[in-house]
Amino acid sequence: MISPTRIRKEKAFKFIATVATWTSVLILIVLLTHILSEGWRWLDWQFMDSFPSRFPEKAGLKAGIFGSIWLMALTASISIPIGVFAGLFLEEYGIKGIIGKIIEVNMANLAGVPSIVYGLLGLTVFVRYFGFDRSLLSGALTLSLLIMPVIVVATRESIRAVPNSIRFGAYAMGARKHHVVFGQVLPVALPGIMTGVILALSRAIGETAPLIIVGAVSYISFIPEGIMDEFTVMPLQIYNWAGRPQADFHQLAAAGIIVLVSVMLVMNFVAVLIRHKMQKRYRF
Amino acid sequence: MIDRKTRVTIIGISIKLVFGVCAFLGILTTIGIIFVLGNEGFQFFRQVPIWDFLTGTEWTPLLEPKSFGVLPLVVGTLQVTIGAGIIAMPLGLLCAVYLSVYAGKKRRNTLKPILEVLSGIPTIVYGFFALTFITPILQKIIPNTEIFNAASGAIVVAIMILPMIASLCDDAFRAIPRSVKDGAFAIGATTNEVVMGIMIPYSLSRILAAFILALSRAIGETMAVTLASGSNPQLTLSPLKSIQTMTAYIVQVSLGDTQAGGIEYLTCFAVGLLLFVMTFMMNLLGQIILTKFRVKSL
Amino acid sequence: MPKLIILMASITLTLPLFFTTAEAKLRGKVRIDGSSTVFPITEAVAEEFRNKAPRVRVNIGVSGTGGGFKKFIKNEIDINNASRRIKDKEKQMASEAGIKYMEIPIAFDGITVVINPKNTWATQMTKEQLTQLWQTGSKVKTWKDLNEKWPNRAIKLYGPGTDSGTFDYFTKVINGKSGKSRANYSKSEDDNVLVTGVAGDIDALGYFGYAYYAENKNSLKAVSIDGVAPTEKTIQSGTYTPLARQIFIYVNTNSLKREEMKTFVEFYLSNAANLVKDVGYVPLTKDQYNKYLKEL
């Protein structure tokens with residue numbers, strides 16, 4: 001028979017876990033309500049379609065919206081393949097011994113470098129050395145470096161969790177290494193990889209400091225037409241408005257945050273959908 | 001015509017090459033960072049002895065008279081990072097347990113993305129949130145709390161890294177083969193016993209990896225702590241006082257009006273270098289612990 | 001008949017071309033960076049300039065005065081927004097790099113010392129009292145330490161971070177050397193935070209740029225220094241001393257050879273007087289602007 005103490009412990013544990021999760025959700029709701037109440041009045045089509053201005057009524061987020069979307073698309077297309085491939089290499093092909101250890105420690109270490117240091121790195125390497133100047137390309141490359149460790153570590157962990165039985169089965173049928181990797185391991189590991197990608201991109205879209213250093217501007221009256229164009233991003237415009245003395249600009253900043261979070265939500269939603277589909281297919 | 005066997009071999013080798021290059025980029029980045037930080041950092045240490053830097057208790061490089069003891073910044077960073085870890089690690093783990101064990105499929109599929117949204121809210125938003133919401137609450141509970149304080153920073157960073165821990169641990173739990181869990185239930189264990197006794201130990205290495213990743217992010221967090229904890233480098237252990245973290249200082253110098261090329265500017269690189277070394281040691285320690293707990297796949 | 005219509009239509013459609021000013025056809029880039037204090041003014045100018053020459057791409061970053069100078073010296077930007085004068089080391093680096101520049105003041109900022117509206121005693125202070133209060137290692141803790149008749153309660157101090165142009169200037173004119181200041185006060189890079197701090201505590205005292213005071217006149221009180229209160233008049237005329245400071249743009253003279261650059265800077269100086277007011281700063285006198293306009 002199951003003792004009452006054990007039942008009590010079970011109930012208490014379940015309670016704590018539930019409370020923990022719902023409190024976190026509550027915090028999110030509080031945060032979002034707070035922002036929504038501040039900024040919803042300024043949310044209209046004019047706001048989304050205008051460039052920066054010294055008058056709050058005229059100012060808009062257009063440059064930032066397009067800049068952020070361009071930047072995210074570029075960053076994703078650079079960092080996801082490179083990050084996933086790097087993770088695949090390190091897990092499946094691997095480098096044995098002390099060098100392998102160093103690489104592993106190195107990756108997690110890079111995740112902890114402050115974003116602003118990546119900004120300084122990007123300035124020196126991409127803007128100055130490669131001569132890309134204050135462009136979307138410099139910004140995207142810098143952000144890619146910033147978020148790659150997260151993708152690599154998440155990829156590695158997901159691949160490690162794939163049971164070897166799956167691999168051996170494929171080898172036993174005569175598959176080559178890359179058949180096994182792409183056909184068997186990757187699909188099973190994909191949900192975990194997507195989690196890493198979601199977390200990484202969500203972080204990237206909200207970054208300000210490294211982009212300021214690399215050359216994202218705060219005032220621009222053009223939307224980017226190519227990857228070498230100057231740009232601004234939503235968090236930058238928001239930060240700029242929040243620092244102005246006029247109260248109207250503070251509310252404008254709140255409106256900007258609503259737009260930013262919405263874009264991020266859409267991004268997340270798409271990625272979660274992909275993850276969900278993959279997770280359904282491979283369960284054991 | 002190349003026969004199939006050769007073609008497959010070539011594909012195999014080229015894939016290995018491409019992947020290898022990608023992995024190598026990680027090393028390149030580290031070298032790049034060390035170069036950028038080291039270059040100017042070295043110039044700093046030519047003017048300020050390392051011992052004074054590491055053990056001094058007054059950090060006033062932008063005030064007259066100048067003092068370059070970095071300890072206040074280090075303590076500030078540790079306060080915020082360890083504080084955030086103490087809050088987020090258990091909470092995150094509990095969330096992961098709820099998501100993977102107790103929540104139904106529908107709940108889980110809605111809650112997990114919601115939690116991940118928390119992680120994506122821009123860091124500056126958290127900074128303002130700390131100032132306008134968390135600090136006033138803290139001030140009501142503990143009257144002596146200053147308008148900028150380490151505790152607000154720690155709380156807000158904890159909120160930021162919690163989804164990371166929750167999501168990654170949830171993935172870890174879901175990857176545990178059913179046979180392992182079913183075996184425990186079959187002998188009559190309660191759910192919490194399965195979690196504590198089987199699931200967590202089995203996934204310990206993955207959980208620890210999540211912790212290390214989250215703590216790494218916490219230590220490198222910039223804008224949120226700059227806004228929440230302040231720009232006042234003072235050596236104090238009280239979480240209610242205004243402090244400055246190493247990252248907040250780097251932001252202050254890089255984006256402020258400091259003279260280009262002066263020693264004040266160089267301090268930014270020296271602090272960055274120290275932070276890099278600290279993160280490296282923390283990760284090294286984590287890796288050693290990780291290897292001890294890694295479970296071989298079935 | 002149709003031929004007439006076509007003729008009329010083509011004339012009407014091409015008419016605008018005859019009236020387009022030379023400026024509207026201007027193309028090019030103007031790259032600006034620097035202080036976030038000066039940013040709103042330059043933004044206002046760029047905004048209006050867009051109406052005149054819509055094809056010129058003006059972009060403005062906010063890397064800070066120091067960060068901006070670094071880029072300026074490397075010829076990565078044409079104009080640096082500066083909330084302080086160029087420092088010696090920066091001058092040296094510029095001459096080593098062969099960069100020639102023009103220093104143009106474009107507005108006044110009056111650093112305002114503020115107190116809580118409920119503070120009835122400290123509405124007038126002297127420069128000496130300020131020095132006493134803010135100097136390095138200052139022993140002043142309570143209002144009484146500054147003036148016998150004031151309350152014996154602790155002063156809560158707020159001010160900009162050690163890295164801002166405001167701090168730089170304040171310490172220079174009040175304490176004698178830029179960077180000389182007591183260290184124990186609540187610092188923030190965000191002036192809005194300082195406003196909140198002072199507005200929320202009866203014993204608070206802080207200092208920051210005039211624009212932030214002007215926006216919050218009903219939650220703050222400005223302290224008169226040596227009998228002079230900070231207003232647009234007193235700041236512009238120079239009677240609000242020593243806390244009235246100039247803010248600048250530094251223009252790369254080589255870049256001025258480009259037509260779009262020259263037009264932009266001319267536009268800046270011709271229109272600054274109005275635009276500066278829109279964003280809360282105090283303009284120079286018309287004559288002062290014209291003087292620099294001629295130098296171009």
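The values are calculated or read from the model by the stated rules, or taken from the named source; none is laboratory data. Because the structure is predicted, anything quoted here is derived from the model rather than measured. With ideal geometry, Cβ positions are generated from the backbone for all residues, glycine too; neighbour counts draw on all protein chains shown.
Screening C:A154 with (1) under 25 Å from C:T120 (Cβ atoms); (2) under 17 Å from the mean Cα position of the chain (by Cα) gives one miss only, at (2). Can you tell me which condition B:G262 does not meet? The list is (1) modelled with pLDDT of 85 or more; (2) surrounded by fewer than 19 Cβ atoms within 10 Å (Cβ to Cβ); (3) in contact with a helix residue (DSSP H, G or I) (Cβ under 9 Å, 6 or more places away or on another chain); (4) more than 30 Å from B:Y102 (Cβ to Cβ), and all the others hold. Only one criterion in (1) modelled with pLDDT of 85 or more; (2) surrounded by fewer than 19 Cβ atoms within 10 Å (Cβ to Cβ); (3) in contact with a helix residue (DSSP H, G or I) (Cβ under 9 Å, 6 or more places away or on another chain); (4) more than 30 Å from B:Y102 (Cβ to Cβ) is unmet by B:G262, namely (1).
Looking at C:R57, C:R31, C:R50, just one residue is basic (K, R) and without any contact (Cβ under 8 Å) to a residue 24 or more places away in the chain, and that residue is C:R50. Selection within segment B:19-33: residues that are aliphatic (A, V, I, L, M) and surrounded by 15 or more Cβ atoms within 10 Å (Cβ to Cβ). The member of this set that is modelled with the lowest pLDDT is B:A23. Only one entry of A:V197, A:V233, A:V217 meets the criterion of being in contact with a Lys or Arg (Cβ under 8 Å, 6 or more places away or on another chain) and hydrophobic (A, V, I, L, M, F, W, C), and that entry is A:V217. Listed by position, the helices (runs of 4 or more DSSP H) inside segment C:75-182 whose residues that are surrounded by fewer than 15 Cβ atoms within 10 Å (Cβ to Cβ) and out of contact with any helix residue (DSSP H, G or I) (no Cβ under 8 Å at 6 or more places or on another chain) number at least 3 are C:88-97.
Using the structure shown, decide if B:G32 is within 8 Å of chain A (Cβ to nearest Cβ), assigned to a helix (DSSP H, G or I) and among the small types (G, A, S). Answer is yes for this residue.
Of the numbered criteria (1) more than 8 Å from every other protein chain (Cβ to nearest Cβ); (2) over 27 Å from B:T191 (Cβ atoms); (3) surrounded by 23 or more Cβ atoms within 10 Å (Cβ to Cβ); (4) among the aliphatic types (A, V, I, L, M), the one B:I82 fails is (3).
Just one residue in the set B:E116, B:E146 is touching a Leu at 6+ places or on another chain (Cβ under 8 Å), among the acidic types (D, E) and not in a helix (DSSP H, G or I); that residue is B:E146. Just one of the listed residues (B:S231, B:S254, B:S216, B:S205) is small (G, A, S), in contact (Cβ under 8 Å) with a residue 12 or more places away in the chain and in a loop (DSSP other than H, G, I, E, B), namely B:S231.
A quick yes/no check of all residues on (1) within 14 Å of another protein chain (Cβ to nearest Cβ); (2) within 16 Å of C:Y169 (Cα to Cα); (3) free of Cβ contacts under 8 Å to residues at least 60 places away in the same chain:
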{"residue": "C:K70", "(1), (2), (3)": "yes, no, yes"}
{"residue": "C:D78", "(1), (2), (3)": "yes, no, no"}
{"residue": "C:I115", "(1), (2), (3)": "no, no, no"}
{"residue": "C:T123", "(1), (2), (3)": "no, no, no"}
{"residue": "C:Q129", "(1), (2), (3)": "no, no, yes"}
{"residue": "C:Q132", "(1), (2), (3)": "no, no, yes"}
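Considering (1) assigned to a helix (DSSP H, G or I); (2) of a type outside the set (D, E, K, R); (3) at the interface with another protein chain (Cβ under 10 Å from one of its Cβ atoms); (4) more than 23 Å from A:I213 (Cβ to Cβ), the lone condition that B:S242 does not fulfil carries the number (1). The criterion of being out of contact with any Cys (no Cβ under 9 Å at 6 or more places or on another chain) and more than 10 Å from every other protein chain (Cβ to nearest Cβ) does not hold for A:S115. Only one entry of A:S218, A:S202 meets the criterion of being under 30 Å from B:I159 (Cα atoms) and within 7 Å of chain B (Cβ to nearest Cβ), and that entry is A:S202.
Test A:L110 against the stated conditions and say whether it is closer than 30 Å to B:A88 by Cα and in contact (Cβ under 8 Å) with a residue 40 or more places away in the chain. No, not satisfied. If the condition is being touching a residue at least 24 places away in the same chain (Cβ under 8 Å) and either within 21 Å of A:S202 (Cβ to Cβ) or not β-branched (V, I, T) (or both), then segment B:85-107 contributes B:G85, B:I87, B:A88, B:M89, B:L91, B:G92, B:L93, B:C95, B:A96, B:L99, B:S100, B:Y102. Checked against the criterion of being part of a loop (DSSP other than H, G, I, E, B) and either surrounded by fewer than 23 Cβ atoms within 10 Å (Cβ to Cβ) or of a type in the set (A, V, I, L, M) (or both), segment C:246-254 has at least one qualifying residue. Checking each residue in segment B:108-140 for being without any contact (Cβ under 8 Å) to a residue 40 or more places away in the chain and within 23 Å of C:Y185 (Cα to Cα) picks out B:F129, B:T132, B:F133, B:P136, B:I137, B:Q139, B:K140.
A residue that is closer than 28 Å to A:N240 by Cα and either charged (D, E, K, R) or within 14 Å of chain C (Cβ to nearest Cβ) (or both) occurs somewhere in segment B:270-279.
Do the conditions hold for B:G92, that is, is it touching a helix residue (DSSP H, G or I) at 6+ places or on another chain (Cβ under 6 Å) and surrounded by fewer than 22 Cβ atoms within 10 Å (Cβ to Cβ)? No: the conditions fail for B:G92. Say we look at segment B:188-202 and pick out the residues that are crowded, with 19+ Cβ neighbours inside 10 Å and outside any helix (DSSP H, G or I); which of these is nearest to the other protein chains (Cβ to nearest Cβ)? Across segment B:188-202, the extreme among qualifying residues is B:T190. Set side by side, the residues B:R206, B:R178 differ, and just one is closer than 30 Å to B:Y102 by Cα, surrounded by fewer than 17 Cβ atoms within 10 Å (Cβ to Cβ) and basic (K, R), which is B:R178.
Looking only at residues of segment B:157-187 that are in contact (Cβ under 8 Å) with a residue 12 or more places away in the chain and not in a helix (DSSP H, G or I), we find that the one that is farthest from A:W22 (Cα to Cα) is B:P177.
The rows are residues; the columns are (1) in contact with a strand residue (DSSP E or B) (Cβ under 7 Å, 6 or more places away or on another chain); (2) in contact (Cβ under 8 Å) with a residue 60 or more places away in the chain; (3) more than 9 Å from every other protein chain (Cβ to nearest Cβ).
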site: A:I213; (1), (2), (3): no, yes, no
site: A:I227; (1), (2), (3): no, yes, yes
site: A:T232; (1), (2), (3): yes, yes, no
site: A:P245; (1), (2), (3): no, no, no
site: A:M267; (1), (2), (3): no, yes, no
site: A:L273; (1), (2), (3): no, no, yes
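Conditions tested, residue by residue: (1) assigned to a helix (DSSP H, G or I); (2) surrounded by fewer than 24 Cβ atoms within 10 Å (Cβ to Cβ); (3) more than 10 Å from chain B (Cβ to nearest Cβ).
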site: A:R167; (1), (2), (3): yes, yes, no
site: A:A170; (1), (2), (3): yes, yes, yes
site: A:H178; (1), (2), (3): yes, yes, no
site: A:G183; (1), (2), (3): yes, yes, yes
site: A:A189; (1), (2), (3): yes, no, no
site: A:G192; (1), (2), (3): yes, no, no
site: A:E207; (1), (2), (3): no, no, no
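Considering segment A:11-122, the qualifying helices (runs of 4 or more DSSP H), each wholly inside and each with 1 or more residues that are at pLDDT 90 or above and among the hydroxyl-bearing types (S, T, Y), run over A:62-88, A:115-122. Which one of these does A:V261 not meet: (1) assigned to a loop (DSSP other than H, G, I, E, B); (2) touching a residue at least 40 places away in the same chain (Cβ under 8 Å)? All conditions pass for A:V261, except number (1).
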